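J.: The structure follows.
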Amino acid sequence: MLAAVVRPAIVQDPIPFGARRKNEMVAYSRRHYGDATWHLKPRVIVLHYTDSGTYRSAWSTFAGDTASLGELPGTCAHFIVSQDGVIHQLVPTTVRCRHAIGLNQAAIGIEMVQVGGRSAHWSDQQILHRTRQIRAVVALVRWLQATYGIATGDVIGHAMANGSRFFRDDEHWRNDHDDWLAVDVKQLRRML
Ligand SMILES: [Zn+2]
């Protein structure tokens with residue numbers, strides 16, 4: 001039984017996601033998931049880091065709606081958590097957003113502002129040890145879990161996406177990202 005979970009403070013900072021981008025998401029979903037819709041029913045949470053140093057640069061990348069791997073819509077995330085612990089929401093959790101191959105039909109994407117470094121493990125650990133940022137991430141994940149009934153085992157890192165029980169890609173695409181390795185996600189799960 002979950003204890004009452006408080007909704008954390010969330011700053012709304014939406015990226016443009018009008019009819020054109022929604023239609024792009026419908027076409028992407030048809031090709032990759034066999035269902036032509038932009039509607040999301042969240043079942044998984046995928047953790048990412050931005051590989052860049054500022055919130056604003058990540059926001060601009062996602063707002064741009066530029067093709068990735070030759071397809072539209074552009075990549076995005078539902079949330080970005082800045083290093084000082086501010087949770088920004090870019091896209092409603094009812095809308096599919098392209099952040100992890102094979103899981104955009106099922107997953108909420110949370111980005112954390114963090115530069116790449118000597119290794120993905122190093123970058124994950126920077127976040128885990130940045131008190132204000134990791135506290136905000138944990139509060140957000142706990143609230144999303146409670147809201148959508150998402151099991152802790154379905155809180156995963158981008159590096160784990162190909163192994164998710166919800167993974168599906170009809171074009172046989174696979175993720176090649178190493179943000180949020182299993183060993184580091186295990187550490188985060190213990191905080192939930
Ligand atoms: Zn990622």
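J.: Could you state how much accessible area LYS186 has, in square angstrom rounded to the nearest 10, with a 1.4 Å probe and all protein chains kept in place?
T.: So the heavy atoms of LYS186 present about 130 Å² to solvent.
J.: Would you please give the FRET efficiency between ALA182 and ALA19, computed as 1/(1 + (r/R0)^6) with r the Cβ-Cβ distance and R0 = 45 Å, to the nearest 0.05?
T.: Efficiency at R0 = 45 Å is approximately 0.70.
J.: Given +1 on the Cβ of Lys and Arg, -1 on the Cβ of Asp and Glu, and no further charges, what dipole in debye does the range 11-189 carry about its Cα centre, rounded to the nearest 20?
T.: In debye, rounded to 20, the range 11-189 gives about 440.
J.: Solvent-accessible area per residue for the chain at a 1.4 Å probe radius, Å²?
T.: 46 Å²
J.: Rounded to the nearest Å, what's the spacing between the alpha carbon centres of the range 144-164 and the range 65-96? Just the number, please.
T.: For the range 144-164 versus the range 65-96, the Cα centre distance is 17 Å.
J.: Sticking with this structure for a sec: Can you compute 3J(HN,Hα) from phi for each residue in the range 132-149, using the Karplus curve 6.51 cos²θ - 1.76 cosθ + 1.60 with θ = phi - 60°, rounded to whole Hz and x for Gly and Pro?
T.: Residue by residue, the range 132-149 yields 5, 5, 5, 4, 5, 4, 4, 4, 5, 5, 4, 5, 5, 4, 5, 5, 10, x Hz.
J.: Please report, in debye to the nearest 20, how large the charge dipole of the range 114-192 is about its Cα centre when each Lys and Arg carries +1 at its beta carbon and each Asp and Glu carries -1 there.
T.: Using only the charged Cβ atoms, the result is roughly 560 debye.
J.: Taking amide H atoms as placed 1.01 Å from N in the peptide plane, list the residues 5 or more away in sequence, or in a different chain, whose amide H sits under 5 Å from that of GLY85.
T.: GLN133
J.: With all protein chains present, how much of the accessible area of the chain (probe radius 1.4 Å) comes from carbon and sulfur, to the nearest whole percent?
T.: 53 percent
J.: Towards the positive end of the charge dipole of the range 14-172, with charges on Cβ (+1 Lys, Arg; -1 Asp, Glu), say which of ALA67, VAL141, HIS121 has the farthest Cα.
T.: Farthest along the dipole direction, towards plus: VAL141.
J.: Over the range 64-128, what per residue volume does the convex hull of the Cα atoms give, in whole Å³?
T.: Output value, Cα hull per residue: 118 Å³.
J.: Averaging the inverse of every distinct alpha carbon separation and then flipping it gives the Kirkwood radius. What is it for the chain, in angstrom units?
T.: Averaging 1/r across every pair of different Cα atoms and inverting gives 16.5 Å.
J.: Shifting gears a bit: Run the 1.4 Å probe and let me know the accessible area of MET191, rounded to the nearest 10 Å².
T.: Solvent-accessible area, nearest 10 Å²: 80 Å².
J.: Ok, one more. Relative contact order for the range 11-189: what is it in percent, counting Cα pairs under 8 Å that are at least 6 residues apart?
T.: 27 percent
J.: Continuing with the same structure: I need the shape label for the range 17-89. Rule: rounded when a/c is under 1.5, else prolate if a/b > b/c, else oblate, with a, b, c from the alpha carbon gyration tensor.
T.: prolate
The values are calculated or read from the model by the stated rules, or taken from the named source; none is laboratory data. Everything numeric here is computed off the predicted structure, so don't read it as measured data. As a convention, Cβ positions derive from the backbone with ideal geometry for all residues, glycine included, and neighbour counts pool all protein chains shown. What goes into the accessible areas is simple: the full protein's heavy atoms, side chains included, and nothing from ligands, DNA or RNA. Shrake-Rupley method; radii C 1.70, N 1.55, O 1.52, S 1.80 Å.
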